[in-house]
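Notes to accompany the following structure.
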Amino acid sequence: TGSLSFNSSYLQEVYCAYNYFTGSLISTGLFTPYLDYYNIESNYFSGSIPYLANYTDLVTFNIQFNYISGILPQLPENIVYFFATSNQLTGPLTIQWDKYLSLKEYLATDNLLTGTLANIDSISLDKFYVDYNFFTGEVPTFSNLNSLSLIGIANNHFYGKLPEEFDSSCKLADYYFQFNYIEGTIPSNIGNCGLSMVFFEGSHNYLTGTIPNTFRKLKRLERLTLSENLLSDALSISVFNNLKLLVFFEISSNKFEGALPNAFSNMRFLYTFMIGYNLFTGTVPLISSKSIIEVELCNNMLTGTIPIFYTSILFIIAGDNQFEGVINIDGSFINLYSYQVGDNYLSGTIPSELSIITSLNSFFTYSNYLSGPFPSQLCNLSNLKLLNINDLDMCVPSCLTRAAYSVSSYDFTRCQNEQDLAL
């Protein structure tokens, strides 16, 4: 803890990361003419960054997770690693990128940076990450696009179209551009990154068209998130037959239509499956992944029965469809947090075994054709906070008024004399 103060003209390496040091960078006395490695990550340092261009031996500069403010200065030309994530840095990036022939990683995410980013023509750059800032202007382009392994420009104000210059030498593994104003279609040339692409995240933009057929080449893809766009058309069977390593699949709030490919049944690592608020029809493939925790099917035109998922699941959101059959969960779903299947064609009774699911927080079955008494055993669910059944033919015990979400019109007293609801 406390502040640092050194008086040495020959200091070459500084490593005091993951502590509770305070004070300004300049007052520490840690900047010497021979400095080549500087790492103060995860402390409480403040103040501005000193002028770095004269520290010609400096290769690594890491000030991540502090409270550093002010503008980003020019860097020494030999810099290789520059890490400034999670500070309070302001102003534009006034960097002449082609001067830095050794720069491999530039990370400045989660700051207050502004301005535009012109063509980034550093020939050595491998990772470029400036998410969670206030940049504007056209989507940045890269002269060495096919040599980059990570591009992170998410949560800014970029507009325009994604670059299309991906060729067979593409090494891009992670592409984060969600929460911007990017429009146009997804470049089909992304398929040239088939040997490397793992994360492709573009939710909350204005993308149009559909998922290109060339995505079938992305056999290593684990995360495909494109929710909240203007994408349409059917999902290509040939594409999803090849995406067997998919873990996160999120395309909610678009205009996709047609049937869901059966390929989802073969995705053994699927963790989230979110396709709500589209125009899908037909039945839902059996998702056999033992890792699945969240399924969002709501607001489509899906038919058949709601699939049976592995008992590890936490969220089943399937309302506003045309599902039939019965409520097919029981006490084995011990981790279930939310079960929302309102506005379908479900029939039968509500299983009393649900009382074993102590984690259950929300339970929506409104606008179905359920019958029989509401199980009094559900009164034991102390974590149940949201209840919406909206079925006047079903008697609800008064103990559940605490969880009433839209059952306030019920006359709970009419259930008091029914023996099957006695607590």
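Of the conditions (1) open to solvent by less than 50 Å² (accessible area, probe 1.4 Å); (2) touching a strand residue (DSSP E or B) at 6+ places or on another chain (Cβ under 7 Å), Pro50 clears all except one; give me its number.
Only one criterion in (1) open to solvent by less than 50 Å² (accessible area, probe 1.4 Å); (2) touching a strand residue (DSSP E or B) at 6+ places or on another chain (Cβ under 7 Å) is unmet by Pro50, namely (2).
Restricting attention to the range 212-229, report how many residues are open to solvent by 10 Å² or more (accessible area, probe 1.4 Å), out of contact with any Gly (no Cβ under 8 Å at 6 or more places or on another chain) and not polar (S, T, N, Q).
Total satisfying the criteria: 3.
Residue check, Gly202 against (1) in contact with a Leu (Cβ under 9 Å, 6 or more places away or on another chain); (2) open to solvent by 10 Å² or more (accessible area, probe 1.4 Å), all met but one. Which one?
Answer for Gly202: the failing condition is (2).
Within the range 239-251, work out how many residues are closer than 18 Å to Ile292 by Cα and open to solvent by 10 Å² or more (accessible area, probe 1.4 Å).
Here is the first cut: in the range 239-251, the ones closer than 18 Å to Ile292 by Cα are 240, 243-251.
In the following step, the residues that additionally are open to solvent by 10 Å² or more (accessible area, probe 1.4 Å) were identified as 244-245, 247-248, 250.
Of the residues in the range 239-251, 5 are closer than 18 Å to Ile292 by Cα and open to solvent by 10 Å² or more (accessible area, probe 1.4 Å).
So how many residues does the range 73-100 have that are of a type in the set (S, T, N, Q), open to solvent by 20 Å² or more (accessible area, probe 1.4 Å) and touching a residue at least 24 places away in the same chain (Cβ under 8 Å)?
Within the range 73-100, the subset of a type in the set (S, T, N, Q) is 74, 78, 85-88, 90, 94, 96.
Narrowing further to those that are open to solvent by 20 Å² or more (accessible area, probe 1.4 Å): 74, 78, 86, 88, 90, 94, 96.
Of the ones still in play, those that are also touching a residue at least 24 places away in the same chain (Cβ under 8 Å) are 78, 86, 88, 90.
Number satisfying all stated conditions: 4.
Looking at the range 172-180, can you tell me whether even one residue there is acidic (Asp, Glu), open to solvent by 20 Å² or more (accessible area, probe 1.4 Å) and more than 19 Å from the chain's Cα centre (by Cα)? Write out each step before concluding.
Taking the range 172-180 as the starting set, the residues that turn out to be acidic (Asp, Glu) are 174.
Next, only the ones that are open to solvent by 20 Å² or more (accessible area, probe 1.4 Å) stay: 174.
Filter again for more than 19 Å from the chain's Cα centre (by Cα), leaving none.
Within the range 172-180, none of the residues are acidic (Asp, Glu), open to solvent by 20 Å² or more (accessible area, probe 1.4 Å) and more than 19 Å from the chain's Cα centre (by Cα).
Could you list, in sequence order, the residues of the range 223-280 that are within 20 Å of Gly191 (Cβ to Cβ) and among the acidic types (Asp, Glu)?
If the condition is that a residue be within 20 Å of Gly191 (Cβ to Cβ) and among the acidic types (Asp, Glu), then Asp233 is the only one that fits.
Any residue at all in the range 119-133 that is of a type in the set (S, T, N, Q), modelled with pLDDT of 95 or more and farther than 20 Å from Asn62 by Cα?
Just the residues of the range 119-133 that are of a type in the set (S, T, N, Q), to begin with: 119, 122, 124, 133.
So of that shortlist, the ones also modelled with pLDDT of 95 or more come out as 133.
Narrowing the set further to residues that are farther than 20 Å from Asn62 by Cα leaves none.
No; the residues of the range 119-133 include none that is of a type in the set (S, T, N, Q), modelled with pLDDT of 95 or more and farther than 20 Å from Asn62 by Cα.
With under 22 Å from Leu195 (Cα atoms) and open to solvent by less than 10 Å² (accessible area, probe 1.4 Å) as the only criterion, which of Leu148, Leu103 stands out?
Among Leu148, Leu103, only Leu148 is under 22 Å from Leu195 (Cα atoms) and open to solvent by less than 10 Å² (accessible area, probe 1.4 Å).
Which one of Tyr38, Tyr44, Tyr55, Tyr51 is free of Cβ contacts under 8 Å to residues at least 24 places away in the same chain and over 30 Å from Phe199 (Cα atoms)? Working first, answer last.
Numbers: Tyr38 fails: free of Cβ contacts under 8 Å to residues at least 24 places away in the same chain; Tyr44 fails: free of Cβ contacts under 8 Å to residues at least 24 places away in the same chain; Tyr55 fails: free of Cβ contacts under 8 Å to residues at least 24 places away in the same chain.
None of the others qualify; the one that does is Tyr51.
Residue by residue through the range 122-142, note down the ones that are more than 20 Å from Asn180 (Cα to Cα) and exposed (fewer than 15 other Cβ atoms within 10 Å of the Cβ). Spell out how you get there, then give the answer.
Narrowing the range 122-142 to residues more than 20 Å from Asn180 (Cα to Cα): 122-126.
Those that are more than 20 Å from Asn180 (Cα to Cα) and exposed (fewer than 15 other Cβ atoms within 10 Å of the Cβ): Ile123, Ser124.
The values are calculated or read from the model by the stated rules, or taken from the named source; none is laboratory data. Note that the structure is predicted; figures quoted are calculated from it, not measured. Reconstructed Cβ throughout: ideal geometry from the backbone, glycine too, with neighbour counts over all protein chains shown. We work out accessible area using only protein heavy atoms, side chains counted, and drop any ligands, DNA or RNA first. Shrake-Rupley method; radii C 1.70, N 1.55, O 1.52, S 1.80 Å.
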